[in-house]
Amino acid sequence: MAEAATQEHAQPGTPQHALAGGGEIPPGQVAGDTFPKLLAEHVRLRGDRTAIREKAFGIWQSWTWRQVQAEVTEMAAGLAVFGLQRGDKLAIVGDNRPQLYWTFAAVQSLGGIAVPVYQDAIASEMAFVLDHADARFAVVENQEQVDKLLAIMDRLPKLERIFYSDPRGLRHYEQPFLLSLERLKEEGRAFLANHPGHVETEAAAGRGSDIAVFCYTSGTTGNPKGVMLSHDNLIRSARLSAAFDGLSDKDEILAYLPMAWVGDHYFSYGQAFVTGFVVNCPESSDTVMTDLKELGPTYFFAPPRIFETILTQVMIRMEDAGWIKRRLFNYFLNVARRAGLAILEGRPVPPADRLLYWLGELLIYGPLKNTLGFSRIRVAYTAGEAIGPDIFDFFRSLGVNLKQLYGQTESTVYICLQTNDDVKADTVGPPAPGVEIRITEAGEVIYRSPGVFVGYYKNDEATRSTKTEDGWVHTGDAGIFTKDGHLKIIDRAKDVGRLNGGSLFAPKYIENKLKFFPYISEAVAFGHGRDFVACFINIDLNAVGNWAERRNLAYASYTDLAGKPEVYELIRGNIEQVNADLAADPALAGSQVRRFLILHKELDADDGELTRTRKVRRGTIAERYAKLIDALYDGSRSVEIEARVSFEDGRTGLIRADLRIEDAKVFETMRKAG
Amino acid sequence: MSAKRRPPGEVLLKVENISLSFGGVRALSDISFEIRRHEVFSIIGPNGAGKSSMLNCINGFYHPQGGSITYKGRTRRQMRPHEVASQGIARTFQNIALFRGMSTLDNIMTGRSLKMRAGLLAQAIRFGPALKEELEHREFCERIIDFLEIESIRKVPVGRLPYGLQKRVELGRALAAEPELLLLDEPMAGMNLEEKRDMCRFILDVNDEFGTTICMIEHDMGVVMDISDRVVVLDYGRKIGEGQPEEVRSNQAVIDAYLGVQH
């Protein structure tokens, strides 16, 4: 890093300092070790090509790289007027807007640090982050954010000025520290008239090792932590991953995920500045799906929940379609299921299926992808949580190159990427180029990569406990490597236990696998410190109810349905499928589910059994249902239960039931899943 | 954040001694009030008090038998609705009057029809000046769509929208006519709390951004008292009170009209 820095001073903005930050520049990417330098390179190479678009007033408005640089320079000069010094922090709050993306580059031009903040954070969370980050300035989108900041101003003695992008509704605000971005740029223009070249000189003094952003982690426990990422972290990881997927300036991306999330920063800023692809900002958060369809991006990221919603919508709308369309859809969906994955991954396919798939593309898949805005996708990623294999394979079988990645804020996203020809629904792929991964004795995933964060801001203790001296970072995730070298994330490390036999027990992994079946709405697995794994099941009343009706199986209530022997048979089938899956993996084969029962009531947040975000509260359940858990392990065939339920109107009542406990078949280790 | 508002200006609309009857029914008798420029003015009163009739007189739909209406210095006895509209008065209706099969955008575009100069044929084939004109009008409507935050329903047929959004589209259509005086007939009727809050914000924003004078009929007293500069109270076709919200609130005649008089 240091050796390159001297060279930059001499020749800013020229390809000579290309190797700054180490490593070669992959073909098609521009040189530079900081974002302002990358920006200057783009202006030199493709100044008149579109850099960013925003849909406004019903039209996609675009800005070229040259225009972007002009905006960034004026904003930077304005910030210089208001006294932004090297190392100063500036908070950025709002939806994905070009002006806000430019703010990052403007701050970094002066050697400042940008701190994106979640735009939907409540005032007190925002106050914590702005105060902790020592933000002197804030650039916000609109009145909503201004109001939020004004409400917490008295708790932020270090915050000096707020700049806003959209003046609507703010005309009568008279706070002297509140100014529009237009005003900031005006000041900047006046300053530039007297100090031409000031911003360029400042930008040239920046180094790759400078901190570029603080990304605050959401922090499920305790306060959020400010992850310091350097230009090197972002640019090197972005270079490697962009080269991995062959991203170029011909690609298009829709920037719709929160700007404060490291992923959006990495895709819509990091990779965009490295490759020069076009970033598109939607009109508003409500129009994302329409904008997606109009735009047809070539590179796309969405969390599993979005793919799930899209699939559900497609299925619901097909239910309402005429029978010819429905028949066609179902027929070709079967063809896709049979041949789609193989065609996408370049494996051999019988000629008849290939022909049918081609016909399906013409009649069904093509128009469907067009409606969803997926026609042009070359690379799509999902990450964050487990994605159901059915959902994953649905999109892949239509020819959408959907893959998984694994990353976290501390790694600048970049840890594992799936390759185009080797994609699996239940792994996150092999370590990405330049990343080393190890699994500790305790089963925790640790890694070392060019994206490893500099440290947590003002929290050395946390930094020390997360990052070792020689750069290994603890993820807090438990994982295993599959035979073919893919990493499989199974649970949070702290939730992983051991069976008495010594084999690994990852409750969430098993529960997720069970919940992927439509008939199972919730599952709770037990096994830590026990001889084998057993579980509670909640059936999905809609799905199982429907299934029962089709079989003329009458039932009176959830409790009644849950106790039917036929339903037990159905669920047993699901569990045994999961067992077969687990058996295929030597590390997990020991945690096959041997006994199970179907609960007489749905686990409910009102009863304190789930959190409001529908996560299982293991402690509460273990306590409340201790008798049931004992019965699972003492060999009884049934157990009597009395449970208190809270009704919506506040009354409470008692439910009495006799619950059956049944066994499930387990499979030999190493046997391939049937 | 309550923002400082524009100060009220000169009298924009003056209603003098208006009387209106339908056969033997006296809907309005001898009503007088003034609305000043940039004001948010509310007409309230129990059911059947004559509020909608008053609004219909202002926009020329009803022709009062007695009295006069002076708008922007011009006194008139009778004027037809389209003449009123071209003078800069727009309105919304109690029971939404949109084209249900048309999209939000098209509905708002209809609000521009009085501003269109090109002939029917030229518009139909989008020829020459007509094309340029249509683009200008489209841009204006897009600004309204942005203002009312209804981008996501731009192309959705209005009939498929929930009630609260239809009300917003109707407001958009009225705004498309660039009115100086905007008549709103029960803009919050049938809305839930959140929709009401949004609507209040839009009404105040319209008033603030464009300086549009607002004359509104509304039953929700909380809303009326919160956002109005002045209020006039009607009961059985007579004016029983007028003034700032606090004055009206403590006016005994008004309290009696709303709560009934104890005997």
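Every read-out reported here was derived from the displayed coordinates using simple, explicitly stated rules and does not represent laboratory data. This one's a predicted model, so the numbers in the text were calculated from it and none came from an experiment. Positions of Cβ are generated from backbone atoms using ideal geometry, with glycine treated the same way; all protein chains shown enter the neighbour counts.
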(message) I need the per residue convex hull volume for the stretch B:92-133, using only the alpha carbons, in cubic angstrom as a whole number.
(response) 85 Å³
(message) So if I place +1 on the C-beta of Lys and Arg and -1 on the C-beta of Asp and Glu, and nothing else carries charge, what would the dipole magnitude of chain A be about its Cα centre? I want it in debye, nearest 20.
(response) 1140 debye
(message) Between helix A:35-46 and chain A, what is the angle of the helix's C-alpha long axis to the longest principal axis, kept within 0 to 90° and rounded to the nearest 10?
(response) 80 degrees
(request) Would you mind computing the Rg to Rh ratio of the stretch A:2-282 from its alpha-carbon coordinates, Kirkwood style for Rh? (result) 0.95
(message) Tell me the mean residue ellipticity at 222 nm calculated for chain B from its helices only (DSSP H runs of n ≥ 4, each -39500 (n - 2.57), averaged over every residue, nearest 500).
(response) -11000 deg cm²/dmol
(request) Return the aspartates and glutamates within reach of A:LYS250: Cα separation strictly under 18 angstrom, same-chain partners fewer than 8 residues apart disregarded; answer none if there are no such residues. (result) A:GLU41, A:ASP48, A:GLU54, A:GLU294
(request) Over the alpha-carbon set of the stretch A:108-155, work out the extent along each principal axis and list the three values in angstrom, largest first. (result) 29, 22, 17
(message) Quick check on my link table: of A:LYS403/A:LYS513; A:LYS369/B:LYS155; A:LYS148/A:LYS185; B:LYS72/B:LYS167; A:LYS89/A:LYS225, which ones sit more than 22 Å apart, alpha carbon to alpha carbon?
(response) A:LYS148/A:LYS185; B:LYS72/B:LYS167
(request) Calculate how steeply helix A:304-319 sits against the longest principal axis of the alpha-carbon atoms of chain A, using the helix alpha-carbon long axis, and give the answer as 0 to 90 degrees to the nearest 10. (result) 60 degrees
(message) If neighbour count is taken as other Cβ atoms inside 10 Å, put B:SER53, B:SER21 in order from fewest to most.
(response) B:SER21, B:SER53
(request) With 28 Å as the limit, write out which pairs from A:LYS488/A:LYS601; A:LYS467/A:LYS488; A:LYS494/A:LYS515 have Cα-Cα distances beyond it, or answer none. (result) A:LYS488/A:LYS601
(request) As a check on your grasp of the helix formula, calculate [θ] at 222 nm for chain A: sum -39500 (n - 2.57) over DSSP H runs of n ≥ 4, divide by the residue count, round to the nearest 500. (result) -10500 deg cm²/dmol
(message) Compute the orientation-averaged projected area for the stretch A:95-190 from the convex hull of its Cα atoms and round it to one decimal in nm².
(response) 6.1 nm²
(request) Using only Cα atoms, find the angle between the long axis of helix A:323-335 and the longest principal axis of chain A, and express it within 0 to 90 degrees, rounded to the nearest 10. (result) 90 degrees
(message) To the nearest 20 Debye, how big is the dipole of the stretch A:85-148 about its Cα centre, given +1 on the beta carbon of each Lys and Arg and -1 on that of each Asp and Glu?
(response) 320 debye
(request) Please work out the C-alpha center-to-center distance from the stretch A:98-144 to the stretch A:172-211 and express it in whole Å. (result) 15 Å
(message) Can you give me the Rg/Rh ratio for the stretch A:359-487, using Cα atoms for both radii and the Kirkwood formula for Rh?
(response) 1.08
(message) Which log10 I(q)/I(0) values does the stretch A:300-406 give at q = 0.17 Å⁻¹ under the Debye formula, counting every alpha carbon as one identical point scatterer?
(response) -0.80
(message) Rounded to whole Å, give me the distance from the Cα center of the stretch B:223-263 to that of the stretch A:267-283.
(response) 58 Å
(request) Over all alpha-carbon pairs in chain B, figure out the percentage whose distance exceeds 32 Å. (result) 25 percent
(message) Taking a cut-off of 51 Å, what percent of all Cα-Cα pairs in the protein assembly as shown are separated by more than that?
(response) 34 percent
(message) Using Cβ counts within 10 Å as a stand-in for footprinting exposure, how do A:SER248, A:SER521 rank, fewest first?
(response) A:SER248, A:SER521
(message) Just checking the output field for B:150-158: average partner chain Cβ neighbours within 10 Å of each residue's Cβ?
(response) 4
(request) Could you name the lysines whose alpha carbon sits less than 16 Å from that of B:LYS115, not counting residues in the same chain fewer than 8 places away? (result) B:LYS132
(request) Order by neighbour count: B:LEU234, A:LEU192, fewest other Cβ atoms within 10 Å first, most last. (result) A:LEU192, B:LEU234
(message) What percentages make up the Cα-Cα pair-distance distribution of the stretch A:496-663 when the bins are 5 Å wide from 0?
(response) 1, 8, 17, 22, 22, 16, 8, 4, 1, 0
(request) Find which of A:ALA622, A:PRO586, A:ILE661 sits farthest along the positive direction of the dipole of the stretch A:496-663, computed with +1 on the beta-carbon of Lys and Arg, -1 on that of Asp and Glu, about the Cα centre. (result) A:PRO586
(request) Could you give the size of the charge dipole of the stretch B:24-104 about its Cα centre, using +1 on the Cβ of each K and R and -1 on the Cβ of each D and E, expressed in debye and rounded to the nearest 20? (result) 180 debye
(message) Along the charge dipole of the protein assembly as shown, pointing to its positive end and built from +1/-1 on Cβ of Lys, Arg, Asp and Glu, which listed residue (A:THR290, B:LEU105, A:SER411) has its Cα farthest out?
(response) B:LEU105
